[in-house]
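Single-structure report; data block below.
Every read-out reported here was derived from the displayed coordinates using simple, explicitly stated rules and does not represent laboratory data. Please read all numbers here as calculations on a predicted model, not as lab measurements. Neighbour counts are summed over all protein chains in view; Cβ atoms, including those assigned to glycine, are modelled from backbone coordinates with ideal geometry.
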């Protein structure tokens, strides 16, 4: 297996982990706590805000995970002739930009609540 394939599989697993941790948030199964979820003073002060904020953030992180997963599979299928450092850089940019967008959207949404 090539280096690009190994990195692609690694990033695909990261995408699946993001999807996996977002599902309980989407389903509103995570009660207010200080470890898991969108934890701000505002979300921890009101259970209604907590569940709504984490529902939206969960959807955003699920989409981020899906983007990372699909990008990784595309790199696995089409990027075997790409230099490994370029493949990692591309996948890392996709991962970071997806996660930053999810966090940014969540913070904007919480401000509006």
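In nm², what is the average projected area of the convex hull enclosing the Cα atoms of the chain?
On the way: hull surface 28.1 nm².
It is 7.0 nm².
Using only alpha carbon pairs under 8 Å that are at least six residues apart, calculate the relative contact order of region 56-113 and give it in whole percent. Before the final figure, lay out the partial values.
Numbers: 26 pairs, mean separation 33.3, N = 58.
Rounded, it is 57 percent for region 56-113.
Treating the angle as unsigned and between 0 and 90°, give the value, to the nearest 10°, between the Cα long axis of helix 3-26 and the longest Cα principal axis of the chain.
It is inclined by approximately 20 degrees.
How high is the relative contact order of region 22-84, in percent, counting Cα pairs under 8 Å that sit 6 or more residues apart?
Details: 51 pairs, mean separation 21.8, N = 63.
Averaging sequence separation for qualifying contacts and normalising by length gives 35 percent for region 22-84.
How tilted is helix 84-112 with respect to the longest principal axis of the chain? Cα atoms for both, answer in degrees (0 to 90, nearest 10).
Orientation of helix 84-112: about 10 degrees from the principal axis.
Can you tell me the relative contact order of the chain? Whole percent, Cα pairs under 8 Å, sequence separation 6 or more. Mind showing how you got there, number by number?
Numbers: 145 pairs, mean separation 42.5, N = 113.
Once divided by the residue count of the chain, the mean separation gives 38 percent.
Which order do peptides 77-83, 54-60, 99-105 fall in by mean Cβ count within 10 Å, highest first? Intermediate results must be reported in sequence, preceding the final value.
Working: 77-83: 12.9, 54-60: 21.4, 99-105: 15.4.
Final packing ranking: 54-60, 99-105, 77-83.
Taking all pairs of distinct Cα atoms, average 1/r, flip it, and tell me the Kirkwood hydrodynamic radius of region 32-72 in Å to one decimal place.
Working: mean 1/r = 0.0911 Å⁻¹.
With all distinct Cα pairs of region 32-72 included, I get 11.0 Å.
Multiply the residue separation of residue 3 and residue 104 by 0.36 nm, subtract the distance between their alpha-carbon atoms, and state the gained length in nm to one decimal. If you can, show how the numbers build up before the last one.
On the way: separation 101, 0.36 × 101 = 36.36 nm, distance 3.24 nm.
Computed gain between residue 3 and residue 104 is 33.1 nm.
Could you grab the Rg to Rh ratio for region 74-113? Cα atoms only, Kirkwood for Rh. Don't jump to the answer; show the numbers that get you there.
On the way: Rg = 15.0 Å, Rh = 11.8 Å.
Ratio of gyration radius to Kirkwood radius for region 74-113: 1.27.
Which FRET efficiency value, to the nearest 0.05, is calculated for residue 10 and residue 40 with the Förster distance at 30 angstrom and r the Cβ-Cβ distance? Could the numbers behind the result be given before it?
Details: r = 31 Å, r/R0 = 1.03.
It comes out at approximately 0.45.
As an exercise, use a Förster radius of 25 Å and the Cβ-Cβ distance of residue 59 and residue 92 to find the FRET efficiency, rounded to the nearest 0.05.
With a Förster radius of 25 Å, E is 0.60.
Would you kindly give the portion of the calculated P(r) for region 1-54 that falls above 18 Å, as a percent of all Cα pairs?
On the way: 657 of 1431 pairs.
Looking at region 1-54, the distances longer than 18 Å represent 46 percent of pairs.
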